[in-house]
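See below for the structure under consideration.
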Amino acid sequence: MAFPNPTLRQRQLAMRLRELRHEKGLSAAEVAEQLLCSPTKISRIERGQRPASLRDVRDLCRLYGLAEPKMTELMTLAREARQKEWWQTLEDVKFAPMLGLEAGATAITEYVIQLVPGPMQTEDYARAVIRGWLPRIAPDILEERVQARGKRKTELLFRADPPRYWVLLDESVLHRNVGNGQVMRAQLQHILELAELPHVRIQVIPFTSGAHMGFDSPFRFLEFGRNSDIADTVFVEHQMGLFYLESDKTIRHFEEVIDHLRAEALGFQESLNRVAEMLTKFS
């Protein structure tokens, strides 16, 4: 499988290095001792949280006794993992890994409880959201972030091979007046337009659903296909930061949550009818 961006290459490299260490029966501490570095560094490299330098990869390959062809393959992967893509130039660096994985996903399920998800936001809605979070933000930085969201939408939803994008909207998202009535009308209309794309599905979870399994926090579930070396990943964001979850137990839990939320939500056409109804509220 070819990996189209540095983030996925970094994760593939991490997985291979972790597998090689396990094959040799070595602990992260034992490898760190041989390389004169900390076990934390080895652990972060193997989780894809830190890019491995060419020297790191060379030394690890020698430690694991890899033949020249295999070493060359991993060195090439390390070089490609250090290339830059558009999302790696953003000031919001904490989101770069998410955007990199997003670019390689085959399917994305997103559950939101407060705001329209980033890939579906209009420029005016995004501008109001960012200004609400950061009321003192400089105008030029604000516009830079708005344009970055627009590029993210284009790269995700309008590329040649877009992922299946399934959005579960809590009904409160449709009622929250972000910006003003004009901004909300345009945003709701934009949701209806995006729903016409063949790879986009939108469901609204109505207030009548009451408490449910996704009641506590929004999340994004990224899938990479059964034949991929990249593990499915869940992103959970709150005030303390963005968390990347990929253990088998966690993935199974969120699969159950998604099934539950889809069952609680209105059907596709009924969901779009609910969005259309809200257009009259902001008229």
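The values are calculated or read from the model by the stated rules, or taken from the named source; none is laboratory data. A quick note: this is a predicted structure, and the numbers were derived from the prediction, not measured. FYI the Cβ positions are ideal-geometry reconstructions off the backbone, even for glycines, and counts take in every protein chain you see. Protein only, heavy atoms only, side chains kept; ligands, DNA and RNA dropped before computing areas. Shrake-Rupley method; radii C 1.70, N 1.55, O 1.52, S 1.80 Å.
Can you confirm whether Ile108 is in contact with a strand residue (DSSP E or B) (Cβ under 7 Å, 6 or more places away or on another chain) and either open to solvent by 20 Å² or more (accessible area, probe 1.4 Å) or modelled with pLDDT under 80 (or both)?
Criteria not met by Ile108.
Taking the stretch 221-238, which residues are surrounded by fewer than 19 Cβ atoms within 10 Å (Cβ to Cβ) and within 30 Å of Gln189 (Cα to Cα)?
As a first pass, look at the stretch 221-238 and keep what is surrounded by fewer than 19 Cβ atoms within 10 Å (Cβ to Cβ): 225-229, 231, 236-238.
Correct list: Val236, Glu237, His238.
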Problem set entry | Matching residues in the stretch 1-25 - criterion: being modelled with pLDDT under 90, assigned to a loop (DSSP other than H, G, I, E, B) and surrounded by fewer than 19 Cβ atoms within 10 Å (Cβ to Cβ) | Met1, Ala2, Pro4
Exercise. What are the pairs, 6+ residues apart or on separate chains, where a residue within the stretch 134-163 that is among the hydroxyl-bearing types (Ser, Thr, Tyr) has its Cβ under 6 Å from a residue that is open to solvent by less than 80 Å² (accessible area, probe 1.4 Å)?
Worked result: none
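Does Gly179 meet the test of being more than 28 Å from Leu101 (Cα to Cα), touching a residue at least 24 places away in the same chain (Cβ under 8 Å) and surrounded by 16 or more Cβ atoms within 10 Å (Cβ to Cβ)? Even if it seems obvious, please write down each step before you answer.
Working: more than 28 Å from Leu101 (Cα to Cα): yes; touching a residue at least 24 places away in the same chain (Cβ under 8 Å): yes; surrounded by 16 or more Cβ atoms within 10 Å (Cβ to Cβ): yes.
It is true that Gly179 is more than 28 Å from Leu101 (Cα to Cα), touching a residue at least 24 places away in the same chain (Cβ under 8 Å) and surrounded by 16 or more Cβ atoms within 10 Å (Cβ to Cβ).
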Seminar exercise, completed: Pairs returned, first residue in the stretch 56-70 that is more than 14 Å from Gln34 (Cβ to Cβ), second residue that is of a type in the set (Phe, Trp, Tyr) and open to solvent by 60 Å² or more (accessible area, probe 1.4 Å), beta-carbon separation under 8 angstrom, 6 or more apart or interchain, are none
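Would you call Gly181 modelled with pLDDT under 95 and over 23 Å from Glu255 (Cα atoms)?
Working: modelled with pLDDT under 95: yes; over 23 Å from Glu255 (Cα atoms): yes.
Here the answer is yes, as Gly181 does meet what is asked.
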Exercise. Scanning the stretch 204-237 for residues that are over 16 Å from Ile108 (Cβ atoms) and of a type in the set (Asp, Glu), which turns out modelled with the lowest pLDDT?
Worked result: Asp229
